[in-house]
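The values are calculated or read from the model by the stated rules, or taken from the named source; none is laboratory data. None of the values given here were measured: they were computed from a predicted structure. Every residue, glycine among them, receives a Cβ derived from its backbone with ideal geometry; neighbour counts consider all protein chains shown.
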Amino acid sequence: MPTGPVEIRSLVRQLLRHRGLLDNIYGTAGLTTVQCHVLIELEQGPLSAEELAGRLNIDVINANRTLAILINNDTVSYQADAKSAHPTYLLSDFGRARLDQHHVGINSEIALYLEQLDLDEIENLSRSLYRYNRAMEQSHHQKGFTLRLLEPADNAAISAVIRKVSTEYGLTEDKGYSVADPTLDSLSECYQADNAAYWVVEQNGKILGGGGIAPLKGEDAVCELQKMYFRPELRGKGFARRIAAMAMKFAREKGYTACYLETTACLKEAIHLYESIGFEHLDKPLGDTGHSDCEVVMLKVFSS
């Protein structure tokens, strides 16, 4: 199966060719690609040209040009906006009928494609397409940040992040969480081994979070996802998933057969992330981490 950027790019290119998008005609309603996407956005409600441009990731000039064509053929109408000097645009009755025609045609084609797949393949396809789209969105939000390996000069900064976030969630030292680890102020030394790594995210020279992976003490061929902590300004941008994905790839390359983690129930977003990337809940902890108050324990077994 294709796994690299070149192979994925080739598949996406083939998909566009099969759909006929390179001919700039989309579906059976005689709409160009951009025209179709404008109508689909307006189907949800009136929007300005600026709002359409933002949603479709095109410039406002292109949005206005497309709207002008659609207005000229009675597919779109416009109305004055009392709160703005710019008009808002909406579907006309003819435009809605034209879009309905498009939906029927596209749905029929997709139904034919899906007849070639069984239910498991359809479910996997849906999940993968969702994740691929999310990855593109998150990549956009991550611009301006740097993700790199931890260096000795980062020790004070990353330990400060861990302490700050731990305090935010009530993960105090007396309860045996990571914040109590004696190595917290010298983390770079803990990840020097060939089979361990820790990544940090920085912006304008400021460390905002990080996460790492290392052997699980007391277990052969099992690693542990460790110390995933992120400042508020970094959350919602996909860095936790990105670091977790990098860690899983690293673990496979180093010959680990599974990855273990411990967390706590108050970190609901983190638990949801781990579940979404294949971690399953365990009845009891593995290894000897020393984090006795981490009541949520999970494991991801790597496929061979």
(message) Checking the condition at pLDDT below 80 and in contact with a Phe, Trp or Tyr (Cβ under 8 Å, 6 or more places away or on another chain), which residue from GLY20, GLY27 passes?
(response) GLY20
(message) GLU224 - would you say it is buried (at least 22 other Cβ atoms within 10 Å of the Cβ), within 29 Å of THR146 (Cβ to Cβ), among the charged types (D, E, K, R) and in contact with a Ser or Thr (Cβ under 9 Å, 6 or more places away or on another chain)?
(response) yes
(message) From the list LEU52, LEU42, exactly one residue is at pLDDT 90 or above, touching a Gly at 6+ places or on another chain (Cβ under 9 Å) and among the aliphatic types (A, V, I, L, M). Which is it?
(response) LEU42
(request) Among the residues of region 264-281, count how many are among the β-branched types (Val, Ile, Thr) and either outside any loop (DSSP other than H, G, I, E, B) or in contact with a Lys or Arg (Cβ under 8 Å, 6 or more places away or on another chain) (or both). (result) 2
(request) Within region 256-270, track down each residue that is farther than 19 Å from LEU216 by Cβ and among the hydrophobic types (A, V, I, L, M, F, W, C). (result) ALA265, CYS266, LEU267
(request) Collect the residues in region 184-224 that are touching a residue at least 40 places away in the same chain (Cβ under 8 Å), closer than 26 Å to CYS266 by Cβ, among the hydrophobic types (A, V, I, L, M, F, W, C) and touching a helix residue (DSSP H, G or I) at 6+ places or on another chain (Cβ under 7 Å), keeping them in residue-number order. (result) LEU187, TRP199, VAL200, VAL201, ILE207, LEU208, ILE213
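I need the helices (runs of 4 or more DSSP H) fully contained in region 59-148, keeping only those with at least 1 residues that are touching a residue at least 40 places away in the same chain (Cβ under 8 Å), under 30 Å from ILE8 (Cβ atoms) and not assigned by TED's automatic domain parsing to the domain that holds ARG235. Outline the logic, then answer.
Working: elements: 60-72, 93-114, 119-141.
Where helices (runs of 4 or more DSSP H) fall fully within region 59-148 and carry at least 1 residues being touching a residue at least 40 places away in the same chain (Cβ under 8 Å), under 30 Å from ILE8 (Cβ atoms) and not assigned by TED's automatic domain parsing to the domain that holds ARG235, they are 93-114, 119-141.
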(request) Considering every residue within region 227-237, establish whether at least one is closer than 16 Å to GLU151 by Cα, touching a residue at least 24 places away in the same chain (Cβ under 8 Å) and crowded, with 17+ Cβ neighbours inside 10 Å. (result) yes
(request) Starting from region 251-264, keep only residues that are buried (at least 18 other Cβ atoms within 10 Å of the Cβ), then list their pairs with residues that are among the small types (Gly, Ala, Ser) whose Cβ atoms are within a distance under 6 Å, requiring at least 6 positions of separation or different chains. (result) TYR256/ALA221; CYS259/ALA251; THR263/ALA270
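Just one of LYS227, LYS249, LYS237 is assigned to a loop (DSSP other than H, G, I, E, B) and under 28 Å from ALA153 (Cα atoms); which is it?
Working: LYS227 fails: assigned to a loop (DSSP other than H, G, I, E, B); LYS249 fails: assigned to a loop (DSSP other than H, G, I, E, B).
Result: LYS237 is the single residue among LYS227, LYS249, LYS237 that is assigned to a loop (DSSP other than H, G, I, E, B) and under 28 Å from ALA153 (Cα atoms).
Test of understanding: among ALA68, ALA156, ALA135, which residue is within 30 Å of TYR198 (Cα to Cα) and more than 27 Å from the chain's Cα centre (by Cα)? Walk me through it before giving the result.
Details: ALA68 fails: within 30 Å of TYR198 (Cα to Cα); ALA135 fails: more than 27 Å from the chain's Cα centre (by Cα).
Sole residue among the options that is within 30 Å of TYR198 (Cα to Cα) and more than 27 Å from the chain's Cα centre (by Cα): ALA156.
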(request) Filter region 115-152 for residues that are at pLDDT below 95 and among the β-branched types (Val, Ile, Thr) and give the result. (result) ILE122
(message) Among the residues of region 105-146, what is the count of those that are closer than 29 Å to LEU31 by Cα, among the aromatic types (Phe, Trp, Tyr) and surrounded by 11 or more Cβ atoms within 10 Å (Cβ to Cβ)?
(response) 2
